[in-house]
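The structure appears right after this line, and notes come after that.
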Amino acid sequence: MLPPEPAPLLTRRAALNKDREEGHRRLVHDYFADNCVYQRSDFKRRFHLRKNLFQRIANAMESRYEYFKMRYDARVKRSFTGLQKCVAAIKLMTLGESPDSIDDYMRMSERTARESLYRLARGVIETFGDKYLCKPSLNDMQQLYAVHDERHGFPGMLGSIDSTM
């Protein structure tokens, strides 16, 4: 009787050079440089939050969590920057895009985009939860209703997620 054939060796897929640095340069040039392509109003329309709030969140994540810091792996290959990971997560969260849609612009894999979303959500809850993610008091609700009524002239904003912008 012949011995069984050895199992075929698993081959790894060739690593794609997605040029993460170019993705970061493009992101900074489009939204975060002094003379950026898209203005604050474009940022708010595209990401559904103000640019300064986004930067506050991204800076907090980068200073508090190792995952959001730019590092180098064992092959001396640069990881994604915290800015890239936060933008990918916000796009997934606010625009409802699929994780693989991040690849075109951000040059990020579906897995990394999904992990960035998970870690950003957890990080925001841990970092800002005590102060911002609590139920509004009766006084808070009255103030919110008054400001909303003054600005928009119709009630019912507390049930809408768009009222937070």
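The values are calculated or read from the model by the stated rules, or taken from the named source; none is laboratory data. None of these values were measured; they are calculated from a predicted model. Please note: Cβ atoms are built from the backbone with ideal geometry, for glycine as well, and neighbour counts cover all protein chains shown. What goes into the accessible areas is simple: the full protein's heavy atoms, side chains included, and nothing from ligands, DNA or RNA. Shrake-Rupley method; radii C 1.70, N 1.55, O 1.52, S 1.80 Å.
Tabulated data for the structure shown
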quantity: Accessible surface ranking that places the most exposed of Tyr145, Tyr118 first, with a 1.4 angstrom probe; calculated: Tyr118, Tyr145
quantity: Segment Val76-Lys135, extension gain: residue separation times 0.36 nm, minus the distance between their alpha carbons; calculated: 16.7 nm
quantity: Highest to lowest packing among 79-88, 127-136, 98-107, scored as the average C-beta count within 10 Å; calculated: 79-88, 98-107, 127-136
quantity: Area of Glu66 that stays accessible when all protein chains are in place (1.4 Å probe, Å², to 10); calculated: 110 Å²
